[in-house]
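Student: First the structure, then my questions, so here it is.
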Amino acid sequence: MTKRTKVDRGNWIQTYTGRHFYPLYPLPEDICIEDIAHSLSNKCRFTGHCLSYYSVAQHSVLVSRNVPDEDKLWGLLHDASEAYLADLAKPIKILPEFKIFVTIENRIQKAVCERFGLPELQPETTHVADKRCLLAEKRDLTISVPESEWQIKHPGIVPFDDIIVPMLPVEAERFFLDEFKLLTRSIL
């Protein structure tokens with residue numbers, strides 16, 4: 001019997017860059033911006049139920065560009081945990097049966113915050129920009145239904161003015177990485 005030298009962190013996923021990522025026990029050093037950008041650019045918003053492909057990466061950049069300067073990196077990374085899990089639809093995610101999923105998602109987001117030096121608590125400006133982006137996405141990218149029919153309401157929130165034009169995944173990945181580079185002044 002061989003003795004283990006590493007702490008067993010359970011099951012892992014292999015990321016785009018070839019890293020082992022342990023969703024149940026994420027560490028800040030496991031987080032990689034290239035993995036986040038690649039994964040989010042390949043994940044479609046609305047569980048794929050939009051008129052054309054539209055990525056979580058593009059959504060994240062739009063949120064980032066609609067918050068004050070001090071919150072832009074948080075805006076860009078607000079859905080980063082989805083790079084290591086899934087973009088679970090909000091009406092499902094808020095159900096009590098999915099509490100463990102939200103707990104895991106929060107652990108990963110905490111590791112993202114630690115990795116990039118962000119405060120653990122998401123700024124309110126990012127919450128508002130996320131909702132404004134959602135309303136613009138519903139307006140521009142889904143079959144129109146009255147807001148009164150939505151399961152989750154956003155009273156007092158108005159959509160972004162600009163029309164959203166979806167990008168291909170490869171374009172969205174570059175868009176995301178360019179935004180990260182601009183915000184962090186880092187060389188990728």
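Student: May I ask you to verify whether Leu40 is open to solvent by 40 Å² or more (accessible area, probe 1.4 Å), of a type in the set (A, V, I, L, M, F, W, C) and touching a helix residue (DSSP H, G or I) at 6+ places or on another chain (Cβ under 9 Å)? Let's see the steps before the verdict.
Tutor: Working: open to solvent by 40 Å² or more (accessible area, probe 1.4 Å): no; of a type in the set (A, V, I, L, M, F, W, C): yes; touching a helix residue (DSSP H, G or I) at 6+ places or on another chain (Cβ under 9 Å): yes.
It is false that Leu40 is open to solvent by 40 Å² or more (accessible area, probe 1.4 Å), of a type in the set (A, V, I, L, M, F, W, C) and touching a helix residue (DSSP H, G or I) at 6+ places or on another chain (Cβ under 9 Å).
Student: Sort through Arg139, Arg185 and tell me the only one that's over 13 Å from the mean Cα position of the chain (by Cα), more than 23 Å from Phe46 (Cβ to Cβ), surrounded by fewer than 19 Cβ atoms within 10 Å (Cβ to Cβ) and modelled with pLDDT under 95. Don't jump to the end; show me each part of the working.
Tutor: On the way: Arg139 fails: more than 23 Å from Phe46 (Cβ to Cβ).
Going through Arg139, Arg185 in turn, just one is over 13 Å from the mean Cα position of the chain (by Cα), more than 23 Å from Phe46 (Cβ to Cβ), surrounded by fewer than 19 Cβ atoms within 10 Å (Cβ to Cβ) and modelled with pLDDT under 95: Arg185.
Student: Only one of these is at pLDDT 95 or above, open to solvent by 100 Å² or more (accessible area, probe 1.4 Å) and more than 19 Å from the chain's Cα centre (by Cα): Ile163, Ile100. Name it.
Tutor: On the way: Ile100 fails: more than 19 Å from the chain's Cα centre (by Cα).
The match here is Ile163.
Student: Of the residues Tyr25, Tyr54, Tyr84, Tyr16, which is open to solvent by 40 Å² or more (accessible area, probe 1.4 Å) and closer than 28 Å to Ile164 by Cβ? Show your work before the answer.
Tutor: Working: Tyr25 fails: closer than 28 Å to Ile164 by Cβ; Tyr54 fails: open to solvent by 40 Å² or more (accessible area, probe 1.4 Å); Tyr84 fails: open to solvent by 40 Å² or more (accessible area, probe 1.4 Å).
Exactly one of Tyr25, Tyr54, Tyr84, Tyr16 is open to solvent by 40 Å² or more (accessible area, probe 1.4 Å) and closer than 28 Å to Ile164 by Cβ, namely Tyr16.
Student: Restricting segment 28-37 to residues that are charged (D, E, K, R) and open to solvent by 10 Å² or more (accessible area, probe 1.4 Å), which is farthest from Cys113 (Cα to Cα)?
Tutor: Let us first name the residues in segment 28-37 that are charged (D, E, K, R), namely 29-30, 34-35.
Those still in the list that are open to solvent by 10 Å² or more (accessible area, probe 1.4 Å) too: 29-30, 34.
On the way: Glu29: 11, Asp30: 12, Glu34: 16 Å.
Looking at residues that are charged (D, E, K, R) and open to solvent by 10 Å² or more (accessible area, probe 1.4 Å), I get Glu34.
Student: Oh, and also: Of all residues being in contact with a Lys or Arg (Cβ under 7 Å, 6 or more places away or on another chain) and outside any loop (DSSP other than H, G, I, E, B) in segment 57-71, which is surrounded by the fewest Cβ atoms within 10 Å (Cβ to Cβ)? Just the residue, please. Even if it seems obvious, please write down each step before you answer.
Tutor: Looking only at segment 57-71, we keep the residues that are in contact with a Lys or Arg (Cβ under 7 Å, 6 or more places away or on another chain), and these are 59, 64, 66.
Now drop any that are not outside any loop (DSSP other than H, G, I, E, B), which leaves 59, 64.
Numbers: His59: 28, Ser64: 24.
If we take residues in segment 57-71 being in contact with a Lys or Arg (Cβ under 7 Å, 6 or more places away or on another chain) and outside any loop (DSSP other than H, G, I, E, B), then Ser64 is surrounded by the fewest Cβ atoms within 10 Å (Cβ to Cβ).
Student: Only one of (1) farther than 24 Å from Tyr22 by Cβ; (2) open to solvent by less than 40 Å² (accessible area, probe 1.4 Å) is not met by Lys93, so which one is it?
Tutor: The single condition Lys93 does not satisfy is (1).
Student: Among residues belonging to segment 117-129 that are open to solvent by 40 Å² or more (accessible area, probe 1.4 Å) and in a helix (DSSP H, G or I), point out the one that is farthest from Asp30 (Cα to Cα).
Tutor: In this case the residue turns out to be Val128.
Student: A further question follows. For residues that are under 19 Å from Pro159 (Cβ atoms) and in contact with a strand residue (DSSP E or B) (Cβ under 8 Å, 6 or more places away or on another chain), tally how many sit in segment 44-59. Before the answer, list the steps.
Tutor: First, pick out the residues of segment 44-59 that are under 19 Å from Pro159 (Cβ atoms): 45-46, 49-52, 54-56, 58-59.
Pick out the ones that are also in contact with a strand residue (DSSP E or B) (Cβ under 8 Å, 6 or more places away or on another chain) and you get 45, 50, 54-56.
Counting residues in segment 44-59 that are under 19 Å from Pro159 (Cβ atoms) and in contact with a strand residue (DSSP E or B) (Cβ under 8 Å, 6 or more places away or on another chain) gives 5.
Student: Could you tell me whether segment 150-168 includes any residue that is closer than 19 Å to Tyr54 by Cβ, part of a helix (DSSP H, G or I) and without any contact (Cβ under 8 Å) to a residue 40 or more places away in the chain?
Tutor: no
Student: Could you tell me whether segment 107-116 includes any residue that is within 30 Å of Arg9 (Cα to Cα), open to solvent by 50 Å² or more (accessible area, probe 1.4 Å), of a type outside the set (Lys, Arg) and part of a helix (DSSP H, G or I)? Steps first, answer last, please.
Tutor: Going through segment 107-116, the residues within 30 Å of Arg9 (Cα to Cα) turn out to be 107-116.
Among the residues that remain, those that are also open to solvent by 50 Å² or more (accessible area, probe 1.4 Å) are: 107, 110, 114-115.
This time we only want the ones that are of a type outside the set (Lys, Arg), so: 114.
From what's left, part of a helix (DSSP H, G or I): 114.
Yes, segment 107-116 has at least one match.
Student: Return the total of residues in segment 110-126 being closer than 20 Å to Tyr84 by Cα and in contact with a Pro (Cβ under 9 Å, 6 or more places away or on another chain).
Tutor: Count: 7.
The values are calculated or read from the model by the stated rules, or taken from the named source; none is laboratory data. Bear in mind that the values here come from a model prediction, so they are computed numbers and not experimental data. Note that each Cβ is placed from the backbone with ideal geometry, even for glycine, and that neighbours are counted across all protein chains shown. When the accessible area is computed, the model is the full protein with side chains, heavy atoms only, and any ligands, DNA or RNA have been set aside. Shrake-Rupley method; radii C 1.70, N 1.55, O 1.52, S 1.80 Å.
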